[in-house]
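Throughout, read-outs are computed from the coordinates displayed, never taken from laboratory work. All figures in this text were calculated on a predicted structure; none of them were measured in a lab. Glycine gets a Cβ as well: all are built from the backbone with ideal geometry, and neighbour counts include every protein chain shown.
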Amino acid sequence: MSRKKNKRLTLILLAVTALLVVTAIGLAFTIGPWKTLKKSTKPGKNASKVTTAQKEKDTSDPDETTEEQPSITATEHAVTSEESTEDTTEPESTPESSEETTTETTPEPTATPEPTPEETTAETTPEPTPEPTPEPTATPVPETSAEPDPPKSNPGSSEYYDLSGMVIVIDPGHQAHANSDQEPVAPWSDETKAKVSAGTSGVATGRPEYAVTLEIGLRMRDILESMGATVIMTRTSNDVDISNIERAQIAVDNNADVFLRLHCDASDSSSARGIGVFVCSRGDYADSQVTWGNWLGNCLEESTGSHYRGCDASTRYSGLNWCTSVPSFLLEMGFMSNSDDDWLLSDPDYQQKICQGVAHFCYKMKQR
Ligand SMILES: [Zn+2]
């Protein structure tokens, strides 16, 4: 009997064990999938969070780019000093010096002081990524698509300015061959300077300044004329011999509303870049010239995204001294001694931006 009982107990234990095993397996199947679902759900939430975070980061990227500008401060200081030096060499002086007289370069210091705050920011920003900064800040889509395509502005366009009734004289600086013959620096002075200087050339493109100023000048003429202005060019080819006084006289004879002298700057400092404006400190509009000069510089800074270095008033440029009965401006559109500026000055899209800035300025002059 005891053996039979033991056998029965053994069988019962085996049966109970089997039931427990089956139950355990059943629970495992039931719980397993549930855990899996939970896991998959969590990842989904995380994914959406990541996406949001990424979006935030992307949005901040532009700002970061903008913030990088400050770091250039050191470079800018260097540029400032360089620009002063450069002015003497080619940049500021170059335009005038080359065209008018080497002596004129010296005065530039005045311009440097005002721009200092801006120069630092401007130069710094441009060097790393000149154009990138402006585009990100503004709405890329409109500007990019609008400026490159249309060679001329049409009525109704956001870039169109009604310039009807205006007489604008454009003087593309320099010419293929310099003329070292002397002429008076000003009606009130016995000092003389070369009739026309050679100008500078691009450090990257190798292009001569006189070719770039004419190229931009002709584009500017077409754009301003398309907006209704009467535009008179002092020259339409490079093979000419027209002194700075003769160029100024064309503006005087035509009683121009605006006389624009187009030049490209140069500097001993390859990092120097940006836009500069020079005006005469004497004449009928002596009290307004700097204000207007700043209009011009600010319009160009807005249209190109490049740094405006400031407006300097003096009597060192014969082409301005002989034209004091007309609002006259010597515009340094950029530094050909800086590879980035040099490439931009020969870039059709950038040239278009320069012309748009000038059109905006002329419109302000019409409404003044
Ligand atoms: Zn020049």
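Using 0.36 nm times the number of residues separating Ser288 and Ile242, minus their current alpha carbon distance, what extension gain do you get? Don't skip to the answer; put the middle values down first.
Numbers: separation 46, 0.36 × 46 = 16.56 nm, distance 2.83 nm.
Taking Ser288 through Ile242 to full extension adds about 13.7 nm, to one decimal.
Taking the Cα-to-Cβ direction at Glu225 and at Asp162 and moving 7 Å from each Cα, how far apart do the two end points lie in nm?
2.2 nm
Based only on other Cβ atoms within 10 Å, what is the fewest-to-most ordering of Phe335, Phe329, Phe278?
Values: Phe335 38, Phe329 25, Phe278 30.
Sorted ascending by nearby Cβ count, the order is Phe329, Phe278, Phe335.
Going 7 Å from the Cα of Ala204 in the Cα-to-Cβ direction, what parts of the stretch 250-270 have a backbone nitrogen less than 17 Å from that spot?
264-270
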